[in-house]
């Protein structure tokens, strides 16, 4: 008989359907509430808390200007936003544990993009600041 599957649905599951392991997360799945939006930002290993972030985590978004000559002050531009997804440079989830593909497998776990759940106003502010400098995540 099959193995017991439990967790949080990451896809819509119709009543009476079989539930497979790849249809559920063991951690709580981030939910996009009414009025919220998803936005994706570029990250690297250091700006993503050494890659230790995962969907569902709450973070602040910080910003450092690339034009330090104009006395731009670094600041927090969005507080307590939830991470929706984290992917590597190939667009694959960094939290997936799979079979070894090749000698560069470690690259699979290095975040390249993070999708955040934000308000429309936060989305505009984050994208504006991304053009003007570097974004980084601040963990709790």
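The values are calculated or read from the model by the stated rules, or taken from the named source; none is laboratory data. Since the structure is predicted, the reported quantities are computational estimates derived from the model, not experimental observations. Cβ placement follows ideal geometry from the backbone for every residue including glycine, while neighbour counts extend to all protein chains displayed.
Return the only residue of 39, 53 being touching a strand residue (DSSP E or B) at 6+ places or on another chain (Cβ under 7 Å), under 16 Å from residue 135 (Cα atoms), part of a loop (DSSP other than H, G, I, E, B) and modelled with pLDDT of 85 or more.
Checking each option against the conditions leaves just 53.
Need a quick list: strands (runs of 3 or more DSSP E) entirely within the stretch 58-127 having at least 3 residues that are over 13 Å from residue 47 (Cβ atoms) and either assigned by TED's automatic domain parsing to the domain that holds residue 22 or modelled with pLDDT of 80 or more (or both).
In the stretch 58-127, the matching strands (runs of 3 or more DSSP E) lie at 75-87, 113-118.
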